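Let me begin by presenting the structure, written as structure tokens, before commenting on it.
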Amino acid sequence: MVGGRTLRAEALRLRLTGLITENGSTEGLCAAICELLGRAIPFDYACLATTDPSTGLITGVVKTDSGDSADEEFARYEYGMNDDYLQFSDLVRRPVPVAVLQTETGGQPERSRRFREFLRPRFSHGHEMRAAFRTGGRMWGAIGLYRSTGPGGFTQDEADLVETICELVAIGLRSSLVIGTAGTALSITGPAAMVIDANNELLSVTSAAQQRIEELGGIHWGALPMSLTAMTAAARAHELGSAVAPRSRIRTASGQWLVVHAAALTTANGRTGDVVITLEIAGAPEIVPLVVASFGLTNREEDVASLVLQGVDTAGISRSLYLSPYTVQDHLKSIFAKAGVGSRRELTAKVFFEQYAPRIGSARGPDGWFR
């Protein structure tokens, strides 16, 4: 049985490697991963999310069923209740970032508020498996797999199978988010800000924010995209003491990076339940760390690469990081190999052409980065 399971896992990894190579967009890759998993592990519904590796907040989702998604409720249970079972922020810190709710609760899934109040009554889901896709200690995505009520729950063998592909999926998502083909960015001017009321409805919005909502897959004066719904829930949770900062870097369909911030609003009489969200075009300090992370570097290699991109020479890197020049050179060789370049100049050029070149001709802001 062990041998058969190994062969099955190897076949899944091989096919997944092909998908990562073939798909140029993050959304396309997510949909293909769900389809592939459905052949290996039958499920009734799946939701695969990309996440900001710094905060763990959802930045986009692909679902196998486009029906009633109840995104606001999902976000509230995910970010507003930090003591529930199998939250992604918990899974990513575990030695094994995959778990089955039935097993986790000792055969009593109703012990989970998410299951008891949301999954079962809203969708008739009776079984849940969750996984966090991480590499290098960072979560780049997560998935929830669901089956209807009944005896056919997820098995440990199925959880083990998902575990074998978690890091590979994370690497694929990371690469697609950072290196995916960019289209033509929208010409949006003016501040992009909006206020979401206590009922998760759009209360007020600037003209630029209206365009951003639609660009991110939402509907103006209608359903917000999941990325902004997650930010709203995270802002309310942060106001109540959650350590998760309501901040994300989100890549639009055109390849443009945005930095999104959210905060709960208060009045002289106390909390209102309203949340303000701002969206700004990301500058170099926001984007370059993501590009560097896409190379799969170690933490120390990322430190060295960051200094290289700032133009610091070997002696300066050695002093800054308390490393010998020989150790710096060893790190540089590893960085060049992982990034597919042969020199400092080529490394800088790689970052430039993948992130700067598509913006050439655009106006620049005070920091020198393209607007």
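Figures for the structure shown
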{"read-out": "Cα gyration tensor shape for region 125-248, rounded if a/c is under 1.5, else prolate or oblate", "value": "prolate"}
{"read-out": "Over the chain, relative contact order from alpha-carbon pairs under 8 Å, at least 6 apart, %", "value": "14 percent"}
{"read-out": "Assigned charges on the beta-carbon of Lys, Arg, Asp, Glu; region 192-281 dipole about Cα centre (debye)", "value": "260 debye"}
{"read-out": "Rounded to the nearest 20 debye, dipole of the chain from Cβ charges on Lys, Arg, Asp, Glu", "value": "720 debye"}
{"read-out": "Region 1-159, relative contact order in percent, only Cα pairs under 8 angstrom and at least six apart counted", "value": "23 percent"}
{"read-out": "Answer label, with volume of the Cα convex hull per residue in Å³ calculated from the coordinates and candidates (1) 294; (2) 132; (3) 167", "value": "(3)"}
{"read-out": "Tail beyond 17 Å, pair distance distribution of region 192-281 (Cα, percent)", "value": "43 percent"}
{"read-out": "Helix-only [θ]222 nm of the chain, DSSP H runs n ≥ 4, -39500 (n - 2.57) each, per residue, nearest 500", "value": "-12500 deg cm²/dmol"}
{"read-out": "Region 35-103 - charge dipole about Cα centre, Lys and Arg +1 at Cβ, Asp and Glu -1, debye rounded to 20", "value": "380 debye"}
{"read-out": "Cα-based reach from Lys350 at 24 Å (exclusive), listing lysines while leaving out same-chain residues under 8 positions away", "value": "Lys333, Lys338"}
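The numbers here are math on the coordinates, done by the rules we state, and not lab data. Please read these numbers as outputs of a predicted model, since none were measured by experiment. Ideal geometry is used to build each Cβ from the backbone, glycine not excepted, and the neighbour counts take in all protein chains shown.
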